[in-house]
């Protein structure tokens, strides 16, 4: 049973966040969140006897497009605690995703995300939250807001105006540590029979408060074929290539920059799925150690063997790390 | 010393052309030869619970898929009988399984029923498809024990 939240009480609770309310303003109150397009700025959503004041819809940029509004994801204030939350409403969609010319069936699942939130609890490398049904049984996820940049933005800003070698010895050791934690976190999911489903660099946030990297957005799923975790592994490879390369190393960019190594690159040196990205980064940055480059080459078109699981990838990352940290200390200018 | 040869053959099949080729291969090779028993197996991969927004959709999916699988298996059974197998030597089986790995599910069926030979079709995946999603026949070849595997292209 819902507590009775009168308009007067809601006005009192929302006062710190709504400074200019016209006289006689009445809140729209939602306990059924099914039609999320109707829920707008300044509305109240009541879930499990907690009123949330809706602020704005979330946005997400992808594939170079401008930020796309996600109407089912609302930034909101928990009016009982005053904390900012991200509220994810139920949005089912099924579609054919296309990666590198290969189509596969994807779907968005609130149940999956709710289950993973419950599984990860307060694990430091994931977003935190819980799920609650609305009056119609829609599974709404209430997520703690993480303050911080995406890992991709963090790397871009850190490396700005810096040559690769300086970035590599000065900043990459810490980034590698964070990445290893991220892979361990994905291993945790896999060990519990869950995929992340959408592993990409802007789904890792560098938490300003804790300094840890945290995975977000677990609601994607897909009908897997033989290797249930292959697509997550592919995502991890792409993220790692980005971190090592200080960004995507695109064939067009290195041709434009007239880098002499371009003539030495062959098809086998490219990313196995994205043909315009260089995987064999040692050919571009010769200071990259062979043991690190070997890891990258597992994600190249020339790969003879792939990583089947995170354990294999972690073994290689840790082995590389043990030598690299010593070398990085020697090479810091 | 003469070894007993297990003459039970399991064909793991789905609705794909490569599966049909695998069935046809066994039909052409062994049709009319006495002493072999063939089972055509179709493992229905139980969709994850997340796949269906509502229970009713799940029920409908199982009904529709089950009907389709029955028709497919009947077609394969007929192909074998038409090629000369005695109808009592050909059986079909479909089973719904939770399959993180389809290869492991198929091999578990083989282990349970003690078939000497497992036949699968090969899809001919590209390098990147194999990387992204894995290969059922590839994994079967790598991990099968105590049986013979025929991979039909």
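Quick note: the coordinates plus some simple rules give every number you see, no bench work behind them. Source: prediction; values computed, not measured. Quick reminder, even Gly has a Cβ in these numbers, built from the backbone with ideal geometry, and neighbours come from all protein chains shown.
May I ask what percent, to the nearest 5, of DSSP beta bridges between residues of the protein assembly as shown are antiparallel?
Once the DSSP bridges in the protein assembly as shown are tallied, antiparallel ones form about 65 percent.
Per-residue mean of other chain beta-carbon atoms within 10 angstrom of the beta-carbon, peptide B:123-129?
Shielding by partners across B:123-129 averages 5.
Only residues of segment B:45-69 count here: report those whose backbone N is under 18 Å from the spot 7 Å along Cα→Cβ of residue B:94, or say none.
Output list for this probe position: B:45-48, B:57-69.
Using a 10 Å cut-off around each Cβ of peptide B:40-51, what is the average number of partner chain Cβ atoms that fall inside?
Mean inter-chain Cβ contacts per residue within 10 Å come to 4.
Using the alpha-carbon centroid of each, what span in Å lies between segment B:82-153 and segment B:33-73?
Each part's Cα centre sits 15 Å from the other's.
What's the center-to-center distance, using Cα atoms, between segment A:230-271 and segment A:300-333 in Å?
16 Å
Which order, highest average first, do A:12-24, A:245-257 follow once you tally other Cβ atoms within 10 Å for each residue and take the mean per peptide?
The densest-packed peptide leads the list: A:245-257, A:12-24.
Quick one: order B:92, B:126 by neighbouring beta-carbon count within 10 Å, fewest to most.
Result, fewest neighbours first: B:126, B:92.
Pairing the Cα long axis of helix A:110-120 with the longest principal axis of chain A, what angle in degrees results, from 0 to 90 and rounded to the nearest 10?
The answer is roughly 70 degrees.
Do me a favour and compute the ellipsoid semi-axes for segment A:148-331 from its Cα gyration tensor, root of five times each eigenvalue, largest one first, whole Å.
25, 20, 16
Which distance in nm do the two modelled labels at residue A:250 and residue B:60 give, with both placed 7 Å along the Cα-to-Cβ direction?
Taking the simple label geometry, residue A:250 and residue B:60 are separated by 4.3 nm.
How many angstrom lie between the Cα centre of segment A:156-195 and the Cα centre of segment A:1-57?
Here the answer is 40 Å between Cα centres.
How far is helix A:230-245 tilted, in degrees, relative to the longest principal axis of the Cα atoms in chain A, given as a value from 0 to 90 rounded to the nearest 10?
70 degrees
Taking each residue of A:227-240 in turn, how many C-beta atoms of other protein chains fall within 10 Å of its C-beta, and what is the average?
3
What's the angle, to the nearest 10 degrees (0 to 90), between helix B:17-30's Cα axis and the longest principal axis of chain B?
20 degrees
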